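Report on the structure given below.
The values are calculated or read from the model by the stated rules, or taken from the named source; none is laboratory data. The structure displayed is predicted, hence computed values, not measured ones. Virtual Cβ from ideal backbone geometry, glycine too; neighbours counted across all protein chains shown.
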Amino acid sequence: MSNLIDQTMIIAILPEIGLVVLIGLVLLFGGIWKGKRLKGLGWLTAAGLGVLIVLSLVFAGPQAENQLVWGNMLHHDWYGLVFRLIFMLGAAITAIIAMEYDYGQKSEFYILLLTSTLGMNLMASAADLIMLYLAFETASIPLYVLAGFLKREKSSVEAGFKYLLFGAMSSALMLFGFSLIYGFTGMTNLADLAQAVVQGVFPPSAVLVSLLLVLIGFSFKISAFPFHFWAPDIYQGAATPISGFLSTASKAAGFSVLLRVMFVVYPSLTGQWQLILGIISGLTMTVGNIIALTQKDLKRLLAYSSIAHAGYILIGISAASAFGVGSAVFYIGTYLLTNLTAFGAVALAGEKTGSFAVDDFDGLSRRSPGLALIMLVSLLSLAGMPPFGGFIAKVLVFAAGVRGGMLWLVAVGALNSIIGLFYYLIVLKHVYLYLPQEGAPKLTFPKPAVATLALLSLGIIVIGTLFSPWYHWALNAAQNLF
Amino acid sequence: MQFPIISVIVLTPVVTGLILFLLPGERKNLIRYTALTAAVIDLLLSFWVYLSYDITAGGYQFLEKFTWLPQLGISYSVGVDGMNAPLVLLTGVVMFTGVLISWGIDDRPREFFGFLFILATGVFGVFVSLDVFMLFFFYEIAVFPMYLLISIWGWKKTREYAAMKLTLYLFIGSMVSLVGALAMYFVSGMGSFDMFVLQDANFSVAFQRVWFPFVFMGFAVLGGIWPFHNWSPDGHVAAPTAVSMFHAGVLMKLGAFAALRVGIMLLPEGAKFWMPYVILLALVNVVYGAFIAMRQNDFKYVIGFSSVSHMGLVMMGFATLNADGLTGAGVQMFSHGIMTALFFAVVGMIYDRAHTRQIDELGGFAKKMPFVAVAFIVGGLVSMGMPGFSGFVAEFPIFMGVWQTQPWIAVVASISIVITASYIIRIVTSVFFGKMPESYADHIGDVALRDKIALGLLSALLILIGILPYPTRMVPLVTSGVENILRLLGGV
C-alpha cells in the first residue's frame, strides 16, 4: 500500500490538489464573509491561483522524459505543465476583473471558475480517453452555468442554454468517436491507441471516421469553422469577464487536447489531418475576420476575432512539426494574455457606460487615456503589430507554415491579418479619433482591475520584445508530443 | 566594451515616448521640452555617427550584436555602413526639425509626441538592422503609429480615409515581403536571419528569380513605386506637418532602403533578372508623378506627387545596378528626404496662416515671411537638380547610370526635370510672389524663431552637400557603401 502513491504522483497533480483546496476555501469564506467583504473572494481566488502558479513552477516541474502517473491516466510532462500555467493565469485574471461586479460577489462564481480550471488542467495532462472525456466535461459544465450566471438577464440565460445545447451536441459526437475507437481496439490509453492504428487493428475507414468525430468535439471547444456559431451569441450574452475566459482559457484547453490527440493517437494519419486542419484553419480565419468586419458590438467583434485567432493557431498545428506545435503553444499563451486584456478593458469601459456598442467607445482616449492605451496595446497585439506579443506569435506560426510546406495557408493567413488590422484600427479610431458625446464625463475605474490590465499590457510588450525564454518553454512543451 | 551608440540612437525615442505617456497630459510645455531634449540627443548622436564613420576602413562599423531568439537564429544586430549612415543622419535631422515644427500642436501633445517617437524608433531600427527579422520588427513599428498620427491630428477632410489606405497598403506590402523572407530563411537552411549569413547562402538562381519580386515589391510599396504609389500623396496631404515630413522625408526611404537591403543585396541574381522591368515602373513614377504634380491645384498635393516622382529616381538608380546609379540613388535618398521635409514644413506654415492650400488662393507670402520663401526656393532648386545644390549631386549620377544601361530611358526621364521646373516655378510665383489676397493679408505674421532654425538647418544641409559633396563626406560615404553592394552583385 505504501508504494501505491509515491511522491512523484503527488507532485504530478500538485496544481489540481491546490485547486481543490482553493475551492474549499472559497466555499468556506463564502459562507463566513458578508456584504462588502465578499469582494475578498475574488482576491482569494486570484491570490490562491497566483500561489499555485508559483508552487507548480517550483515543485511540479516534470522529469526530462514523459511520465505516466495515476494508473496511466495522466501525463506528467512539460506540455501539461505549460498549459496548466496558462489556464490558471487566465482564471486568476478573470477573477480580478470579475470581483468588481455583482456577480463577482458570490462564492458560486469562483467555485465554478475554479472547477472549470480544474477540468482544463486535467484535459491538458490526460493520457487516457476516459480521463480526457471526464476532464472535458468537468471543464465544460461549470462554463455552461457561468455563461448563464446573470440569471435576471434574458440574454445571459439564453447564452447559457445555447452553450449547453451546442456543447452537449458536440460532446455527444465526440463521445461517439471515442466509442468507435474503443469498440475497434478495446483500448483507451492514447499511446496504446497509436500502436493499434499503426498495426492496423483498426480498419482505416473507421480510423478516419473516429478522427472526424473527435475533431468535431474539439472544433466546438476552439470555435473553429463550422462549429463556431455559438461563440458570438454566447460571448455577447455572458458577463464580459466570462466571455474573456471562454475565449482564452477554454479555447486553450480545446487546443491542448486537440494537439495531444492528433500527435499522439493519429501520427500515422498526419497527411490526412494536416490537410483537414489546414482547410479548417483557412476557413476559420476567413469567416471569423470577414464577419468581424460588419460587427457593431465590441463583444461580438472580439468574439469573431477570437474565432479568427483559432484559425491562426491552427496554421501552426497543421504544419505538423515540433516547431509548428511550439509556435502554436507560444501563440496560445500570447493570445491568452492579449485577449484577456482586450476583454478586460472592454468589460471595464462597457460596464461603466452600460453599452458595448463600438459607437459608445467614441472618445475613450479623452475620457480615460490610460484605459485607451491598454486597448491600443491589446488590439494592436491582436492585429500582430510589434513590439507586442502578437507579432512574434504570428511570425512564428507563419514560419512554421512555410516550413511545413503550407504556403497557400500562410498566404491566406497573411491576407487575413490585413482584414484583421482593418477592423482593429476601426475600433481604435473610435477610441482615439472621435469625440465623446456632449457632456460625457471622465471615467474612473477600480484600481486593482486597471493595475492588472496595465501589468498585462506590459506583459504583452515583454513577450513581444524578449521572446526567447517563453519560446523555449513552448518548444519544450511541444517536444513532449514527438 | 565600446559605447553602444547605435542602440542609444534607436532606443532614445521610444524610451522618451514611454516617459511622455507617464507625464501628466496637461503640462504641455514640459512634454514639448522633453521631446525636444530627446530629439537633440538623437540629432547630435546621428551627426557623430555620420562624421566618425571611418570611410577608408569601409564595411560595417559600430556593430552590436545580441542573441534574441537563438532557437531560430534571430539576433539583435545593428551596424552602419556607407549606405545607411546618411539615412540615420536624415532621420535625426527630420526628427529634430519635426519636433520644432510641431511645437504648436495643442490637442493631446503627449500622445502626439509619444506616437511620433515610437515611429522614429521604428525608422532608426530599420536603417541600422543587420538581421532580417529585426528589420521586419522595426518596419512594422514604423507603420502603425502612422495610422494614429494621421487619423487623429491630420487634415479633417481626408484623414480617416488616407490613414486607413496608407496603413493597409503598407501592411499588405510588408506581409508579402515577410512571406518572402521566411522562404529565404528556410531555403537557405542556415537557420539564421542574419544578413551576413544570408548573403552567403548561395540561393539558386531559380529561387532568387521567383522570390525577388515578392520581397522587392513588398518593400517598394513603401518606397512609393508605381502602380502602388497611390497611398502616398493622399497620406502626405492628410498628415499633420511633422508627420508629412517624417512620412515623405524618411518613411519612403525606409521602403526603398529595405528593398535594397533585403531584395537586391540578398537576392542579387533575382535583381539582375527583374531590374529591366523595375526600371520601367520607376520611369513611370518619375514622369507620370511629375505630370500629375504639375496638374494639382492643392499646394500639398503638388509636393506629394513630386515625392512620387523623386522616389522614382531612387528606384531607377537602384535598378541600374551600376556604381553611378546606386551612388546617385543613395545620395538622392538623403537629399530628397531633407528637401521634402523642408517643403512640407513650408506648406504647413502657410496653411496654418492662410487656412487654404489652393494655389490660386495664395500669394505674396515672400513679403510676410521672407525667410520661408528663401528656404522654399532653395528646396525648389534642389528639386530641379540645379548644380550647386544637393539635388544635382544626386540626380546627375543617376542619369549617368541609367544612360549606361538603357539610354532611351534616361532621355524620357529627363523630361521630368523640365516639368519639375515648371511646377516649382509656378508655386514660387503664385504663392510667394504676386499679391496677397485681402481676406487674410492683415493678420499674417512671420514664423517663429524655432521654425526658422528648422528651415535654416534643412536648407543649409542642402546647400552644403551641393557645394561640397566630398568634404561633407556624403559622396565618399555612399560610394563606400555602393562598393559593398557591387561586390554582392558579382563585381560589375
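List of remarks:
- Test: residue in segment B:261-284 that is under 21 Å from residue B:216 (Cβ atoms), buried (at least 24 other Cβ atoms within 10 Å of the Cβ) and touching a His at 6+ places or on another chain (Cβ under 7 Å): no
- Entirely in segment B:406-492, the helices (runs of 4 or more DSSP H) that have 2 or more residues that are among the aliphatic types (A, V, I, L, M): B:407-427, B:449-467, B:474-488
- Meets criteria (surrounded by 14 or more Cβ atoms within 10 Å (Cβ to Cβ) and more than 30 Å from residue B:334 (Cα to Cα)) for residue B:436: yes
- Boolean, residue B:366 is under 13 Å from the mean Cα position of the chain (by Cα) and either assigned to a helix (DSSP H, G or I) or buried (at least 19 other Cβ atoms within 10 Å of the Cβ) (or both): no
- Residues that are at pLDDT 85 or above, in a helix (DSSP H, G or I) and under 14 Å from residue A:13 (Cβ atoms), drawn from segment A:53-82: A:55, A:56, A:80, A:81
- Any hit, segment B:107-120, residues being buried (at least 24 other Cβ atoms within 10 Å of the Cβ), part of a helix (DSSP H, G or I), facing another protein chain (nearest Cβ under 10 Å) and in contact with a strand residue (DSSP E or B) (Cβ under 9 Å, 6 or more places away or on another chain): no
- Tabulated pairs, segment A:377-394, first at the interface with chain B (Cβ under 7 Å from one of its Cβ atoms), second part of a loop (DSSP other than H, G, I, E, B), C-beta under 6 angstrom, 6+ apart or interchain: A:380/A:388; A:391/A:384; A:391/A:385
- Filtering segment B:53-96 to residues that are assigned to a helix (DSSP H, G or I) and away from chain A (no Cβ under 14 Å) leaves B:85, B:86, B:87, B:88, B:89, B:90, B:91, B:92, B:93, B:94, B:95, B:96.
- Of the listed requirements (1) modelled with pLDDT of 85 or more; (2) in contact with a Leu (Cβ under 9 Å, 6 or more places away or on another chain), residue B:387 misses just one: (2).
- Candidates are the residues of segment B:21-47 that are surrounded by 16 or more Cβ atoms within 10 Å (Cβ to Cβ) and out of contact with any Pro (no Cβ under 9 Å at 6 or more places or on another chain); the one that is farthest from residue B:461 (Cα to Cα) is B:34.
- For segment B:130-168, the tally of residues that are among the acidic types (Asp, Glu) and in a helix (DSSP H, G or I) stands at 2.
- Members of segment A:27-63 found to be in contact (Cβ under 8 Å) with a residue 24 or more places away in the chain and more than 24 Å from residue A:80 (Cβ to Cβ), listed by number: A:27, A:29, A:30, A:31, A:38, A:39, A:41, A:42, A:43, A:44
- None of B:377, B:303, B:350 is under 23 Å from residue B:457 (Cβ atoms), aliphatic (A, V, I, L, M) and surrounded by fewer than 22 Cβ atoms within 10 Å (Cβ to Cβ) except B:377.
- Going through (1) touching a helix residue (DSSP H, G or I) at 6+ places or on another chain (Cβ under 8 Å); (2) modelled with pLDDT of 85 or more; (3) within 10 Å of another protein chain (Cβ to nearest Cβ) one by one, residue A:465 falls short only on (1).
- Qualifying residue in segment A:135-142 (condition: touching a strand residue (DSSP E or B) at 6+ places or on another chain (Cβ under 9 Å), assigned to a helix (DSSP H, G or I) and among the hydrophobic types (A, V, I, L, M, F, W, C)): yes
- Verdict on residue A:478 being aliphatic (A, V, I, L, M), under 19 Å from residue A:342 (Cα atoms) and either more than 10 Å from every other protein chain (Cβ to nearest Cβ) or in contact with a Cys (Cβ under 9 Å, 6 or more places away or on another chain) (or both): no
- Condition check for residue B:173: away from chain A (no Cβ under 11 Å) and touching a residue at least 60 places away in the same chain (Cβ under 8 Å): no
- Pick from segment A:396-430, criterion more than 10 Å from every other protein chain (Cβ to nearest Cβ) and of a type in the set (A, V, I, L, M), ranking: nearest to the chain's Cα centre (by Cα): A:397
- Within the option set A:280, A:317, A:290, being surrounded by fewer than 23 Cβ atoms within 10 Å (Cβ to Cβ) and part of a helix (DSSP H, G or I) holds for one residue only, A:290.
- Within the set B:242, B:206, B:220, B:201, the sole residue that is without any contact (Cβ under 8 Å) to a residue 12 or more places away in the chain and away from chain A (no Cβ under 14 Å) turns out to be B:206.
- Residues of segment A:134-166 that turn out to be surrounded by 20 or more Cβ atoms within 10 Å (Cβ to Cβ) and either closer than 10 Å to residue A:234 by Cβ or not assigned by TED's automatic domain parsing to the domain that holds residue A:241 (or both), as a count: 8
- Residue in segment B:182-189 that is closer than 18 Å to residue B:115 by Cβ and more than 10 Å from chain A (Cβ to nearest Cβ) present: no
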